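Before any comments, here is the structure.
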Amino acid sequence: MLGYIGRRVLATIPVMAVVGLFVFSLLYLSPGDPAAIIAGDQATPEDIERIRASLGLDRPFLVRFGEWAWRILHGDLGISIFTNLPVSTLIGQRVEPTVSLMLVTLVFAIVVAVPLGVLAAWKAGSLIDRLVMGLAVTGFSVPVFVVGYILAYVFALQLGWLPVQGYTPIAQGLWPWLANLILPSVTLGLVYIALIARVTRATMLDVLNQDYVRTARAKGLAQRHVLFVHALKNAAVPIVTVIGIGIALLIGGAVVTETVFAIPGLGRLTVDAILRRDYPVIQGVVLLFSFTYVAVNLAIDLLYTVLDPRIRY
Amino acid sequence: MDRRTFLKTTAALGAAGVASPRLAAPALAQGAKVLRFVPQANLANFDPIWGTQYVVRNAGALVWDMLYGVDSTLTPQRQMVESEEVTDNGLTWTFRLRDGLRFHDGEPVRAADVVPSLTRWMARDPIGGMIKAIQDELTAVDDRTFRWRLKKPFPKLLYALGKTNAPVAFIMPERIAKTDPFTQISEYVGSGPMRFRRDEWVPGARAAFETFKDYKPREEPSSWLAGGKRMLVDRVEWVIMPDTATASAALQNGEVDWWENPIADLVPLLRKNPNVVVDIADPLGNIGSFRMNHLYPPFDNPKIRQAVLVGMNQEDYMRALVGDDDSLWKPLPGFFTPGTALYSEAGGAMIGKGDIKTAQRLLKEAGYKGEKVVCIVAQDQPITKAEGDITADLLKQIGFEVDFVATDWGTTGTRRASKAPPSQGGWNMFHTWHTGADCINPAGYPAVRANGDKAWFGWPNLPAVEAGIAEWFDAADPAAEKAAIDKTNAAACEGAVYAPTGFFLGYQAWRKNVKGIVKGPLNFTWGVSKA
């Protein structure tokens with residue numbers, strides 16, 4: 001097991017290197033120039049050129065890439081072109097809201113989606129099944145920002161139960177923290193719930209037709225016990241896989257959700273950086289997201305051995 | 001992972017959250033008044049000389065003070081300066097600073113701080129560059145006195161020092177002001193009415209300012225950038241909200257107090273809320289525009305540029321921008337801000353009336369050869385997107401071949417600086433807008449200049465326009481200034497320096513418990529109180 005973990009961690013290095021090269025090249029080739037944005041409307045072409053030179057953007061690709069890669073290897077993500085602050089500082093400011101949003105969304109989605117999927121499989125073909133699957137399709141189909149606006153309108157503006165926007169650090173209390181996260185998490189969680197519920201249903205349908213389930217029922221076990229202890233544990237591997245894959249969905253959805261609810265997270269940092277062509281920030285955030293995704297998938301792979309003792313690495 | 005490991009990990013994550021002070025709201029004194037403000041854009045940097053975006057200027061006006069400041073009649077008034085003397089020949093100016101001015105770090109403001117501050121400003125400001133070109137010497141005489149010797153008189157000197165358009169001549173401590181004008185400062189110490197809380201700055205999310213207790217406001221009542229800048233709140237928090245619907249909801253819900261620029265679509269909704277006031281933001285408004293590249297066909301031909309000006313219908317543009325509210329826009333047969341002293345319609349009778357038939361005739365007479373017009377339209381800016389859609393239709397109606405390039409503002413900013421042929425990454429046309437405050441005269445208005453290679457993007461080369469502008473700079477009285485601007489406007493219309501798509505106003509909105517908000521080209525926070 002330890003050998004496997006070591007190999008997987010080592011395999012992360014070339015993956016990150018490819019991501020780094022890809023991101024750097026993409027930004028180099030994409031149109032747009034931070035110097036022109038910094039210089040503003042009053043600037044002359046000479047001003048823009050001077051700013052470009054002062055930022056080192058006039059140097060050849062390989063020189064810039066080499067310097068950047070060398071800094072990354074030393075743990076230095078660079079300095080934001082616009083804010084003049086270290087990228088690590090900017091990321092550090094934004095990690096808590098995004099991690100909070102993702103964790104609450106994840107918990108909410110799993111708590112809702114897994115029982116719904118189990119219920120739909122148990123009552124396959126019934127009205128309940130159709131209702132659950134209808135909700136899942138709706139969750140997939142309605143854009144995140146539409147859901148966000150509707151929830152904010154109803155629960156913040158009309159009922160006044162929750163704030164419209166913003167983020168309160170957990171250090172200032174559990175309820176203020178949660179109050180700011182409920183609407184964004186429900187918004188972001190709907191797609192995730194749809195995905196997990198559908199996969200849970202399909203996997204459970206397969207498991208519920210297995211002989212050991214029939215045996216368990218024949219032994220007189222309670223339905224709840226059969227569903228959640230015997231069947232769900234054996235259906236868990238595909239469900240956990242989808243939860244892992246869905247992290248990418250969460251990262252993408254966080255960009256929109258953080259914008260709609262004005263949460264100062266990594267998603268908004270990314271969008272702002274892209275619009276301004278703040279290359280060091282874009283590179284830093286994309287590397288972080290890529291690393292997170294790789295790490296989550298590694299964790300999921302390791303979790304397989306816990307869920308299914310037959311799996312050995 | 002077993003249960004204990006899981007609990008340990010969760011606890012560690014919680015601790016990480018607790019250890020993140022930047023997002024935490026600061027401990028405020030009981031009863032402290034906090035004004036929460038939604039600015040027009042993100043405060044992504046905070047050097048008002050290095051980055052000339054309006055949002056930086058607006059924040060800068062809280063933190064840095066100015067030698068002079070224009071009032072609501074656009075007249076420069078003394079601000080940090082106590083008195084000034086000018087020799088009869090207009091070549092030597094001697095300024096004396098007010099007593100007791102201090103920077104936020106407690107150090108006194110000295111003439112030695114003013115000199116490098118003005119030097120840095122002149123390197124980046126168009127009118128500052130003109131002063132630098134005729135400057136003989138700028139020196140500190142003593143701690144409170146500095147002298148400016150010029151090679152020729154510059155009647156607009158005080159206006160230049162007090163103007164609203166960026167970059168503004170803010171005064172910084174000497175050690176900061178000596179930073180290269182093309183390198184960003186990293187210390188934000190001013191002598192203005194508020195201190196910048198750098199430790200609370202989360203670019204893209206929040207910026208905070210605290211009242212500077214040692215600030216010495218002038219005795220006169222405040223008027224725009226002039227007079228006593230008295231802060232009536234303890235703290236101002238800028239809350240960055242890129243989404244207009246969210247900002248609207250936050251204002252209605254009382255989560256923010258003042259929103260700088262609500263879009264016209266949301267104004268009817270805001271007006272229905274009894275706790276929200278909506279009014280015009282800036283009476284000087286904005287001038288919509290698209291620029292044609294004078295270097296390449298077809299717009300190197302003045303008759304073809306004329307065809308565009310004659311064919312465009314400003315009403316179409318304005319309705320696309322502000323909807324059906326006729327009080328929000330005016331036709332603009334010229335280039336200077338309506339309602340100001342120098343506004344001129346000279347030579348503009350044919351502009352913007354939507355005379356397609358005449359435009360088609362002019363195009364034919366000009367010998368248009370069917371060159372594709374590369375029309376750049378930034379889709380992420382509501383103003384340029386609306387303008388671009390109208391322009392594409394206009395060009396087709398007149399008979400142009402159009403290559404519509406839908407892109408973002410960042411790309412537009414880069415591509416418009418390219419002098420390459422349109423087929424090789426250059427352009428024929430791009431859309432933008434100018435704030436009316438910038439267009440009241442030629443001093444801070446590079447878009448109206450027509451000095452060829454040195455001109456703004458599009459590089460018009462129209463000597464008659466430049467002659468009119470030079471006449472304005474030398475004008476000694478209002479009548480002479482007006483005559484010069486009439487000449488400039490007529491020449492700019494004839495040569496089509498750019499295409500003005502009309503004059504339009506924008507809104508601002510605030511909660512009813514906020515008082516003292518004035519209309520102007522920036523959000524003047526002094527004099528604003530919150531019940």
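The values are calculated or read from the model by the stated rules, or taken from the named source; none is laboratory data. Quick caveat, the model's predicted, so the values are computed rather than measured. All Cβ positions, glycine included, derive from the backbone under ideal geometry; neighbour counts span all protein chains shown.
Assorted remarks:
- The listed residues are B:E187, B:E137, B:E107, and the only one of them that is over 24 Å from B:T52 (Cβ atoms) and free of Cβ contacts under 8 Å to residues at least 24 places away in the same chain turns out to be B:E137.
- Close pairs (6 angstrom Cβ cut-off, 6 or more residues apart or separate chains): touching a residue at least 40 places away in the same chain (Cβ under 8 Å) in segment B:389-405, in a helix (DSSP H, G or I) and of a type in the set (F, W, Y) anywhere: B:I390/B:Y317
- Restricted to segment A:19-135, the set of helices (runs of 4 or more DSSP H) holding at least 1 residues that are more than 23 Å from B:N45 (Cα to Cα) comprises A:61-73, A:87-122.
- Meets criteria (within 14 Å of chain A (Cβ to nearest Cβ), touching a helix residue (DSSP H, G or I) at 6+ places or on another chain (Cβ under 9 Å), among the hydroxyl-bearing types (S, T, Y) and part of a loop (DSSP other than H, G, I, E, B)) for B:S344: no
- Complete set of residues in segment B:247-305 that are basic (K, R), farther than 30 Å from B:E371 by Cβ and within 14 Å of another protein chain (Cβ to nearest Cβ): B:K272
- Residue among A:G166, A:G189 that is touching a residue at least 12 places away in the same chain (Cβ under 8 Å) and over 30 Å from A:V306 (Cα atoms): A:G166
- One residue from B:E187, B:E200, B:E210, B:E174 being buried (at least 16 other Cβ atoms within 10 Å of the Cβ), within 14 Å of chain A (Cβ to nearest Cβ), among the acidic types (D, E) and on the phi < 0 side of the Ramachandran plot: B:E200
- Criterion violated by A:V132 - all others in (1) farther than 29 Å from A:A248 by Cβ; (2) of a type in the set (V, I, T); (3) outside the structural domain of A:L29 (by TED's automatic domain parsing) satisfied: (1)
- Within segment B:37-60, the set of residues being within 24 Å of B:G227 (Cα to Cα) and touching a strand residue (DSSP E or B) at 6+ places or on another chain (Cβ under 8 Å) comprises B:F37, B:P39, B:P48, B:I49, B:Y54, B:A59, B:G60.
- Residues being assigned to a strand (DSSP E or B) and not small (G, A, S) - total across segment B:477-531: 11
- Sole exception among (1) in a helix (DSSP H, G or I); (2) within 23 Å of A:G166 (Cα to Cα); (3) modelled with pLDDT of 90 or more for A:I263, by number: (1)
- Restricting segment B:403-451 to residues that are within 12 Å of another protein chain (Cβ to nearest Cβ), part of a strand (DSSP E or B) and of a type in the set (F, W, Y), the residue that is nearest to the chain's Cα centre (by Cα): B:W433
- Residue within segment B:63-81 that is under 29 Å from B:W259 (Cα atoms) and among the aromatic types (F, W, Y) present: yes
- Segment A:264-279 - residue that is over 20 Å from A:L188 (Cα atoms) and not acidic (D, E) and, of those, farthest from the other protein chains (Cβ to nearest Cβ): A:Y279
- Positions within segment B:33-91 being in contact (Cβ under 8 Å) with a residue 40 or more places away in the chain, more than 14 Å from every other protein chain (Cβ to nearest Cβ) and within 15 Å of B:G192 (Cα to Cα), in sequence order: B:A61, B:L62, B:V63, B:W64, B:D65, B:M66, B:L67, B:Y68, B:G69, B:R78, B:Q79, B:M80
- Checking each residue in segment A:11-62 for being among the hydrophobic types (A, V, I, L, M, F, W, C), free of Cβ contacts under 8 Å to residues at least 40 places away in the same chain and under 27 Å from B:C439 (Cα atoms) picks out A:A35, A:A36, A:A39, A:A43, A:I48, A:I51.
- Note on segment A:148-178: residues that are more than 8 Å from chain B (Cβ to nearest Cβ) and touching a Phe, Trp or Tyr at 6+ places or on another chain (Cβ under 6 Å) amount to 3.
- Residue in segment A:222-241 that is at pLDDT below 90, closer than 30 Å to B:L43 by Cβ and either surrounded by 18 or more Cβ atoms within 10 Å (Cβ to Cβ) or of a type in the set (G, A, S) (or both) present: no
- Scanning segment B:61-84 for residues that are over 17 Å from B:F95 (Cβ atoms) and surrounded by fewer than 22 Cβ atoms within 10 Å (Cβ to Cβ) returns B:D71, B:S72, B:T73, B:L74, B:T75.
- Subset tally (residues that are in contact with a strand residue (DSSP E or B) (Cβ under 6 Å, 6 or more places away or on another chain) and either surrounded by fewer than 22 Cβ atoms within 10 Å (Cβ to Cβ) or over 14 Å from B:R416 (Cα atoms) (or both)) for segment B:454-469: 1
- Failed condition for B:Y159, given (1) part of a loop (DSSP other than H, G, I, E, B); (2) more than 14 Å from chain A (Cβ to nearest Cβ): (1)
- Considering the conditions (1) farther than 25 Å from A:L103 by Cβ; (2) more than 14 Å from chain B (Cβ to nearest Cβ), A:A136 is excluded by exactly one of them, (1).
- The residues listed here are B:N428, B:N451, B:N441; of these, the one that is buried (at least 23 other Cβ atoms within 10 Å of the Cβ) and touching a strand residue (DSSP E or B) at 6+ places or on another chain (Cβ under 8 Å) is B:N428.
- Residue match in segment A:4-27 (condition: buried (at least 20 other Cβ atoms within 10 Å of the Cβ), aliphatic (A, V, I, L, M) and within 14 Å of chain B (Cβ to nearest Cβ)): no
- Top-ranked residue in segment B:250-270 [being without any contact (Cβ under 8 Å) to a residue 60 or more places away in the chain and under 27 Å from the mean Cα position of the chain (by Cα); ranked as surrounded by the most Cβ atoms within 10 Å (Cβ to Cβ)]: B:L266
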